[in-house]
């Protein structure tokens, strides 16, 4: 059935539009395109990539339309009012009181992430036209990429948890398919499996959490809001009502957060992300930096009221989310220092930035974290695509910075330029976009009282600057080394990226043509690669101004459009305005008249009438002094790292070279980092093996002894029974009966044969004897 | 004769004849001389004829003597002669299982005796039985029993032809 | 005279004849025994004829005498054949019809 949440209120008539009403089309277009690519792709002139790019452009258009109409909607609403999301459902399944549907739930967060996903998917698909030209599974790559986009877009517009899980799982599947795109090499397929299993471990939490929340919330949501316990807005309002028991919502929140840990690469389930770099670079830039890995962050942001109450955010003490986020920032940043593979550096950087987002969410800094999703997508995708550009055109498909790169700024100016812009954005330098998002996270974390984690964030900023400087230096400065210098490498010297070095894939047939290519030397890539880089770098530069808090509240557009107001609303979505029209928002933590706004009770108390859709959050006011301090820290990191790089790599200063071998402490630290804190050893060799081995041994024993025993036993028993039956019943009884009748007949015959002796006398005797007896009988009977 | 129930002469006559007949019959079946058996049979047949007279069946008696003793016994003796029967006693004229004949005969006699006794317990012959004349008998033969008479003539013819066919040498 | 005395006499002769048929080995003697039987039957018939005062018994007895004569003729012809083929008229040997 078709049900629509009404937002046409008597007081507040919110504007809607065609794109908003039909935002569900956004995932449908790539989904249809996926099927078209699968069925018709190989026959098309461009091998199916036409469908992919066209569908992503279509989604982008729809997402853009929806975003525009959402902005109109927010702008048309009174200041501070709760702008209800555009929700539609069609019932998919209902049985014995439980029903869930499929539909859309479009609000600011949805629209922002839709734009990001559609936009970056489009750019990555265009990039892949050049990057994967001639690949052995070109069509399937585009199919998987399109399906991924469909899955993520579906998850973003999901109206209920079941639909969200559907999108989540599609993304996991496509991640597996895409990481293992060159599965002929064992390392790639192992990496794909590792990614899948690790995220799967987290997904246990997703299902458990959904179930816990459903069973706790369903009664309240059906009664108060008329939606099932799967519905997202139902769960959000339920969490902020007084209804949930503390245990239920905490367990649900923890379970869902475990899923987010797995998907977003938080400690301790972060080990799969660096290995996922075995996939092609477009995959790394789309899935594993800007879109899929933020799905966990998106989940937390989407169901924020659940986490807000369940983890007791803004409650004063550290909670699970903020701790995990904080740990992740630091350990990933440290690991980025010892990587020689440029993609792995970027992977750990992604993990670290995801830690920032989680920490922000855990500390009540909802908007900065979501904004960081937005900006991080652009500059991280740009960095990855830049790395791909380098490997494609200069280092002959190698990603080894120390071995095959160096001094490339002269040869690849566009790549270099976009890389630098994106790095600056990543480090959070003013006025690049990262400044407006990452620094806001750190600021708000401190503002909300989590001072320790603020320092953790600042330390992370220092480390980020340092390792990015190292990576930049090794790649673009110094002298060209290895493949960049034109040296021809053996195939086996490439590690997990050996798959890239498939000359046949790229239309080169023999080594002679390869040498001809090599003699060209490192050069800039074609426009299909550089134009996306330029677009992304421009966004890395400018997207921060969407929420430019330093310049005043008027520039805080992102916040206005995306952050839900913490008003108390009546269940049909009409706002109860507390304390006068337009006065339900608060800009600072003190419930004062400082800005003339009163505080909403959402998040802290149970609303008496109506429901809450979002909790009341605090926003730190911007101070240039704080900004200056974080800039100094970044500068310090940059300078220190530059110094060490020059000493170590350029001048080969004896004091630095081989330092980790000489110094015991540094050597231990280095070994720990190179072995990724031995976490992989723990997971694979200890945990998995100790569980899998006994299970497999037990199952093998069961198979051999019990199952085979049963089968063999059945066989022997049958044989024994058959033999016994044969000997005793068949031979003795049955044959005996048969033979017996024969011998009886024979015996009777032999016994009776003398009667027919042929002797007349005897016949006469018999005759008269019988007559005598007959006569006697007659006589006796009749007397 | 005496007009009394007890016809003494016939009874005595019957008793003597019966004794002679029974002894003769016994000798027929037990003697070990074939010729003697034939002669004893003659005795039996003669006794039977005498009995017929007692039973006021004179024509039958004469016929018995003529046919049976006169023809049949001659036939028997011829047969004995032609089959080289030993003149004198022979050792074994009884077959292997001769013993079974005794119980059979006795059982049969017992059955018949009981039946006769219970059936005709003390019935007497009518005292005024008239002797059957030849004319009456011929009236019967050529009257009601004509058909059997003709059949009988055929039987005799067949017997003669059959005997010749069987016994001729070729 | 009792009826029974003739009937009993006939029964005795009959049984002796039966014994003779069973016990005798010589074919001629068996035929003689058969004659005994036939004669006993005759006596029976005549006794009843006298008792009933009819002449049926007489007629029948005559017929039996005729039949007996025919039968003896044929029987002795068979005995002769038997003797001619086997040189013996021992009925114990004549058992080729045995089952």
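The values are calculated or read from the model by the stated rules, or taken from the named source; none is laboratory data. No experiment lies behind these values; they were computed from the predicted model shown. Reconstructed Cβ throughout: ideal geometry from the backbone, glycine too, with neighbour counts over all protein chains shown.
Some notes on this structure:
- Residue among B:161, B:165, B:155 that alone is free of Cβ contacts under 8 Å to residues at least 40 places away in the same chain, part of a helix (DSSP H, G or I) and more than 9 Å from chain C (Cβ to nearest Cβ): B:161
- Residues of the stretch A:72-126 that are out of contact with any helix residue (DSSP H, G or I) (no Cβ under 8 Å at 6 or more places or on another chain) and at pLDDT 90 or above: none at all.
- Checked against the criteria, residue B:22 does not count as more than 17 Å from residue B:131 (Cα to Cα), at the interface with chain C (Cβ under 9 Å from one of its Cβ atoms) and at pLDDT below 95.
- Of the residues making up the stretch B:119-149, just one is more than 8 Å from every other protein chain (Cβ to nearest Cβ) and closer than 23 Å to residue A:779 by Cα, namely B:119.
- Any hit, the stretch A:85-101, residues being free of Cβ contacts under 8 Å to residues at least 60 places away in the same chain and over 29 Å from residue A:229 (Cβ atoms): no
- Entry remark, the stretch B:120-137: residues being assigned to a helix (DSSP H, G or I) and touching a helix residue (DSSP H, G or I) at 6+ places or on another chain (Cβ under 9 Å) number 3 in total.
- Qualifying residue in the stretch C:34-41 (condition: out of contact with any strand residue (DSSP E or B) (no Cβ under 7 Å at 6 or more places or on another chain) and under 26 Å from residue A:754 (Cβ atoms)): yes
- Qualifying residues in the stretch B:74-90 (those that are more than 9 Å from chain C (Cβ to nearest Cβ) and in a helix (DSSP H, G or I)) - the one surrounded by the most Cβ atoms within 10 Å (Cβ to Cβ): B:77
- Qualifying residues in the stretch B:91-104 (those that are in a loop (DSSP other than H, G, I, E, B) and facing another protein chain (nearest Cβ under 7 Å)) - the one modelled with the lowest pLDDT: B:92
- Against the numbered list (1) under 30 Å from residue A:378 (Cβ atoms); (2) modelled with pLDDT under 75; (3) in contact with a strand residue (DSSP E or B) (Cβ under 7 Å, 6 or more places away or on another chain), residue A:553 comes up short only at (3).
- Residue match in the stretch B:110-118 (condition: more than 26 Å from residue C:74 (Cα to Cα), loosely packed, with under 12 Cβ neighbours inside 10 Å, at pLDDT below 90 and more than 7 Å from chain C (Cβ to nearest Cβ)): yes
- Among the residues making up the stretch C:27-69, those that are within 7 Å of chain B (Cβ to nearest Cβ) and not in a helix (DSSP H, G or I) are C:53, C:55.
- Among the residues examined, residue A:379 does not qualify as surrounded by fewer than 24 Cβ atoms within 10 Å (Cβ to Cβ), under 27 Å from the mean Cα position of the chain (by Cα) and closer than 23 Å to residue A:532 by Cα.
- Candidates in the stretch B:27-50 are the residues that are within 7 Å of another protein chain (Cβ to nearest Cβ) and at pLDDT 95 or above; of these, the one that is farthest from residue C:48 (Cα to Cα) is B:41.
- Qualifying residue in the stretch A:746-760 (condition: under 26 Å from residue B:106 (Cβ atoms), without any contact (Cβ under 8 Å) to a residue 40 or more places away in the chain and touching a helix residue (DSSP H, G or I) at 6+ places or on another chain (Cβ under 6 Å)): no
- Selection over the stretch C:2-13 of residues that are at the interface with another protein chain (Cβ under 7 Å from one of its Cβ atoms) and closer than 14 Å to residue B:25 by Cβ gives a count of 5.
- Odd one out for residue A:214, checked against (1) within 20 Å of the chain's Cα centre (by Cα); (2) more than 26 Å from residue A:565 (Cβ to Cβ); (3) assigned to a helix (DSSP H, G or I); (4) at pLDDT 90 or above: (1)
- Restricted to the stretch A:672-783, the set of helices (runs of 4 or more DSSP H) holding at least 2 residues that are within 14 Å of chain C (Cβ to nearest Cβ) comprises A:735-752, A:760-782.
- Test: residue C:78 is more than 7 Å from every other protein chain (Cβ to nearest Cβ) and either modelled with pLDDT under 95 or over 20 Å from residue B:62 (Cα atoms) (or both): no
- Criterion (crowded, with 24+ Cβ neighbours inside 10 Å and under 27 Å from residue B:70 (Cβ atoms)) met by exactly one of C:61, C:70, C:23, C:66: C:61
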